[in-house]
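Colleague: One structure, as structure tokens, below. Some questions next.
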Amino acid sequence: MPLASTSPRYAALTQPKTLSVAEIQAEVLDPDSVLLEYALGEQKSFLWIVTKDNFQAFELPARGEIERAAREFYESLTARNRQVKFETAAERSDRIFIADSNAQKFSAALSRLILAPAAPLLANKRLLIVADGALQYVPFAALKAGAQPPKDQRSKIKDQYL
């Protein structure tokens with residue numbers, strides 16, 4: 001017997017149904033929410049944004065650049081939780097001070113890479129995020145959605161309206 005008929009709840013968890021953009025717009029999103037889905041690639045990465053009535057794709061930098069920025073941001077946020085063997089209290093204090101000082105800089109840098117291309121679409125919206133790679137460790141609420149993209153960023157906007 002198929003799992004879906006014997007245990008539909010378990011089947012829904014272990015074998016989720018893939019939704020089309022139209023189904024996401026109709027069944028998941030409301031006017032105050034935006035779905036962001038990231039796909040990190042070796043040469044270039046992508047951000048797909050789905051709103052109740054719109055679908056857009058943005059080209060982002062390569063996986064390496066995004067994951068480096070995500071790791072720096074994550075490490076600055078978690079520096080307080082790290083235990084370093086034989087570290088003195090003064091060294092720990094200095095390490096945490098430096099990490100706290102860098103957190104804003106790393107947040108802005110990562111925001112420019114992964115949120116800035118879509119910033120106008122994110123204002124006052126609830127974000128539903130499907131992260132990829134190191135982005136799965138990023139607390140997106142700590143990023144600044146209004147950050148400006150770097151001048152040399154190769155983000156090409158491809159609009160598709162459904």
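The values are calculated or read from the model by the stated rules, or taken from the named source; none is laboratory data. As the structure is a computational prediction, the values presented were derived from the model and not from experiment. Note that each Cβ is placed from the backbone with ideal geometry, even for glycine, and that neighbours are counted across all protein chains shown. For accessibility, only protein heavy atoms count, side chains too; no ligands or nucleic acids. Shrake-Rupley method; radii C 1.70, N 1.55, O 1.52, S 1.80 Å.
Here's the yes/no breakdown for (1) open to solvent by 100 Å² or more (accessible area, probe 1.4 Å); (2) among the hydrophobic types (A, V, I, L, M, F, W, C); (3) at pLDDT below 90; (4) over 12 Å from the mean Cα position of the chain (by Cα):
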residue	(1), (2), (3), (4)
S101	no, no, yes, yes
A109	no, yes, no, yes
L127	no, yes, no, no
Q136	yes, no, no, no
P139	no, no, no, no
Q148	yes, no, yes, yes
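Colleague: For the condition within 23 Å of K144 (Cβ to Cβ) and either in contact with a strand residue (DSSP E or B) (Cβ under 7 Å, 6 or more places away or on another chain) or among the aliphatic types (A, V, I, L, M) (or both), what is the one hit in L19, L40?
Modeller: Details: L19 fails: within 23 Å of K144 (Cβ to Cβ).
Of L19, L40, the one residue that is within 23 Å of K144 (Cβ to Cβ) and either in contact with a strand residue (DSSP E or B) (Cβ under 7 Å, 6 or more places away or on another chain) or among the aliphatic types (A, V, I, L, M) (or both) is L40.
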